[in-house]
Amino acid sequence: MKQHHVRAAVFSAGSWGTAVGKIMADAGTRVTMHARRGEIADTINMTHRNPGYFPDIELPHNLTATTDPAAALNGADFLVLSIPAQSLRASLAAWTPYIGPDTVIVSLMKGMEIGSGLRASQVITEVTGIPADRVAVLSGPNLAGEIMNGQPAAATIACPDEDVAHRVQHACHTAYFRPYTSTDVTGCELGGAVKNVIALAVGIASGMGMGHNAQAMLITRGLAETTRLATAMGAHPATLAGLAGLGDLVATCSSPLSRNRTFGTHLGHGLSVEQATAVTRTTTEGVKSAEAILALAHTHDVEMPITEVISALLHEKVTLDQAAAALMQRPPKPER
């Protein structure tokens, strides 16, 4: 019997999409990247490099690219989505007609939709009509630059259907990338979304010259408020202590490679949101998702003081000094 080659379509060819495409190709999966721009697809096919993000790293030969969504999705076992959370709904609506009847959707997205307050997996099921047990999310301490260099990393793959989670796990398990499985989609997605907001706070503290104690305090209290919201929404607290919670939070808050932390550092140096956006030039999900997360916190009657302060700062309702004071001076009370 001829072995079926597992195929994945990765939309799109940004930094994290490229990294996961490389992981899956290294795991033996045939990968087709969908690039919006023809020159990116051509360069990936001809030189096996993605010049916009990783010009010095050779991509596997079983990874190709196209600008045609139908071609990318033809025969795909997995559709891997790595696009900005706020453009998910419109983009996915255009791609839905090409999704096969058995294709599993894997979300790499770590943001919340403004207005609806929906997590990526919820937007996916709403737009495509695909049942939740065919939608998985991948989340963890995954800085794309390290993974592209073959540095070790791990992640959680969550899906309500454990068999589907195991299929995704198998399609992206390599010597350097270790995926674990879970059924707690809500916990994984909230950990991934809220940590970006906390990373902004840590970046601000760092930019203002505060030390590691202050940053550790923000990470710890940030995890506490993330866990409060997630459990109020039905997540398991252990998920937030795992790779998709604490793991992702520590990596994003500690690394200069982190886009959200870097954006926060610019704010801490006194740049405006517009100036920081111009300097960063990449998707910074925390900036967009803060208000959606805060709205959820209000809906579920959960206190999220760090998210509250960051949202106010991003909308210029408080000054940098007021924000710093609010982050550092919470009323004393029992920790638990």
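The values are calculated or read from the model by the stated rules, or taken from the named source; none is laboratory data. If you're wondering where the values come from, they're calculated on a predicted model, not measured in any experiment. Please note: Cβ atoms are built from the backbone with ideal geometry, for glycine as well, and neighbour counts cover all protein chains shown.
Can you tell me how many residues within the range 302-336 are of a type in the set (Lys, Arg) and touching a residue at least 24 places away in the same chain (Cβ under 8 Å)? Before the answer, list the steps.
Just the residues of the range 302-336 that are of a type in the set (Lys, Arg), to begin with: 317, 330, 333, 336.
Still in the list and also touching a residue at least 24 places away in the same chain (Cβ under 8 Å): 330.
Counting residues in the range 302-336 that are of a type in the set (Lys, Arg) and touching a residue at least 24 places away in the same chain (Cβ under 8 Å) gives 1.
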Out of curiosity, is Ser139 among the small types (Gly, Ala, Ser) and in contact with a strand residue (DSSP E or B) (Cβ under 9 Å, 6 or more places away or on another chain)? yes
Of all residues in the range 225-258 being under 19 Å from Ala324 (Cα atoms) and surrounded by fewer than 24 Cβ atoms within 10 Å (Cβ to Cβ), the one that is modelled with the lowest pLDDT: Ser254
Arg261 vs (1) among the charged types (D, E, K, R); (2) more than 21 Å from Ser182 (Cβ to Cβ); (3) surrounded by fewer than 21 Cβ atoms within 10 Å (Cβ to Cβ); (4) touching a residue at least 60 places away in the same chain (Cβ under 8 Å): all pass except (3)
Name the single residue, out of those in the range 134-150 being polar (S, T, N, Q) and under 13 Å from the mean Cα position of the chain (by Cα), that is modelled with the lowest pLDDT. Asn142
When the range 291-309 is examined, which residues are found to be over 13 Å from Thr227 (Cα atoms) and either small (Gly, Ala, Ser) or in contact with a His (Cβ under 6 Å, 6 or more places away or on another chain) (or both)? Ala292, Ala295
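Looking only at the range 29-51, decide whether some residue is within 24 Å of Ile157 (Cβ to Cβ), in contact (Cβ under 8 Å) with a residue 60 or more places away in the chain and not charged (D, E, K, R).
If we filter the range 29-51 for residues that are within 24 Å of Ile157 (Cβ to Cβ), which is where we start, we get 29-34, 50.
From what's left, in contact (Cβ under 8 Å) with a residue 60 or more places away in the chain: 29.
Narrowing the set further to residues that are not charged (D, E, K, R) leaves 29.
Checking the range 29-51: at least one residue is within 24 Å of Ile157 (Cβ to Cβ), in contact (Cβ under 8 Å) with a residue 60 or more places away in the chain and not charged (D, E, K, R).
Within the group Thr277, Thr282, Thr319, which residue is assigned by TED's automatic domain parsing to the domain that holds Ser206, over 25 Å from the mean Cα position of the chain (by Cα), surrounded by fewer than 22 Cβ atoms within 10 Å (Cβ to Cβ) and farther than 16 Å from Leu218 by Cβ?
Values: Thr277 fails: over 25 Å from the mean Cα position of the chain (by Cα); Thr282 fails: over 25 Å from the mean Cα position of the chain (by Cα).
Result: Thr319 is the single residue among Thr277, Thr282, Thr319 that is assigned by TED's automatic domain parsing to the domain that holds Ser206, over 25 Å from the mean Cα position of the chain (by Cα), surrounded by fewer than 22 Cβ atoms within 10 Å (Cβ to Cβ) and farther than 16 Å from Leu218 by Cβ.
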Could you say whether any residue in the range 184-206 is surrounded by fewer than 22 Cβ atoms within 10 Å (Cβ to Cβ) and either more than 17 Å from the chain's Cα centre (by Cα) or modelled with pLDDT under 95 (or both)? no
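Hey, can you tell me all the residues within the range 117-127 that are closer than 20 Å to Thr226 by Cα and either touching a residue at least 40 places away in the same chain (Cβ under 8 Å) or outside the structural domain of Leu138 (by TED's automatic domain parsing) (or both)? Spell out the reasoning first.
Here is the first cut: in the range 117-127, the residues closer than 20 Å to Thr226 by Cα are 117-122.
Across the range 117-127, the qualifying residues are Gly117, Arg119, Ala120, Ser121.
Has the range 19-35 got any residue that is surrounded by fewer than 22 Cβ atoms within 10 Å (Cβ to Cβ), part of a helix (DSSP H, G or I), of a type in the set (D, E, K, R) and modelled with pLDDT of 95 or more? Steps first, please.
Initial filter on the range 19-35 (surrounded by fewer than 22 Cβ atoms within 10 Å (Cβ to Cβ)): 26-28, 30.
Of the ones still in play, those that are also part of a helix (DSSP H, G or I) are 26.
Within this subset, residues satisfying the condition of being of a type in the set (D, E, K, R) are 26.
Going one step further and asking which of them are modelled with pLDDT of 95 or more, we end up with 26.
Taking every residue of the range 19-35 in turn, at least one turns out to be surrounded by fewer than 22 Cβ atoms within 10 Å (Cβ to Cβ), part of a helix (DSSP H, G or I), of a type in the set (D, E, K, R) and modelled with pLDDT of 95 or more.
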If you go through the range 68-88 one residue at a time, how many are surrounded by fewer than 17 Cβ atoms within 10 Å (Cβ to Cβ) and free of Cβ contacts under 8 Å to residues at least 60 places away in the same chain? 5
Looking at Ala295, Ala290, can you tell me which residue is surrounded by fewer than 21 Cβ atoms within 10 Å (Cβ to Cβ), in contact (Cβ under 8 Å) with a residue 40 or more places away in the chain, closer than 19 Å to Met112 by Cα and hydrophobic (A, V, I, L, M, F, W, C)? Ala295
Screening Tyr98, Tyr53 for residues that are aromatic (Phe, Trp, Tyr), outside the structural domain of Thr283 (by TED's automatic domain parsing) and farther than 17 Å from Gly17 by Cα leaves only Tyr98
Tell me, please, whether a residue that is in a loop (DSSP other than H, G, I, E, B), touching a helix residue (DSSP H, G or I) at 6+ places or on another chain (Cβ under 7 Å) and not assigned by TED's automatic domain parsing to the domain that holds Glu303 can be found in the range 205-218. no
Those helices (runs of 4 or more DSSP H) lying entirely in the range 223-304 with at least 2 residues among the hydrophobic types (A, V, I, L, M, F, W, C) and under 12 Å from Gly191 (Cβ atoms): 237-240, 248-254
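Of the residues Ala120, Ala154, Ala165, which single one is under 20 Å from Ala8 (Cα atoms), surrounded by fewer than 22 Cβ atoms within 10 Å (Cβ to Cβ) and small (Gly, Ala, Ser)?
On the way: Ala120 fails: surrounded by fewer than 22 Cβ atoms within 10 Å (Cβ to Cβ); Ala165 fails: surrounded by fewer than 22 Cβ atoms within 10 Å (Cβ to Cβ).
Answer to the selection: Ala154.
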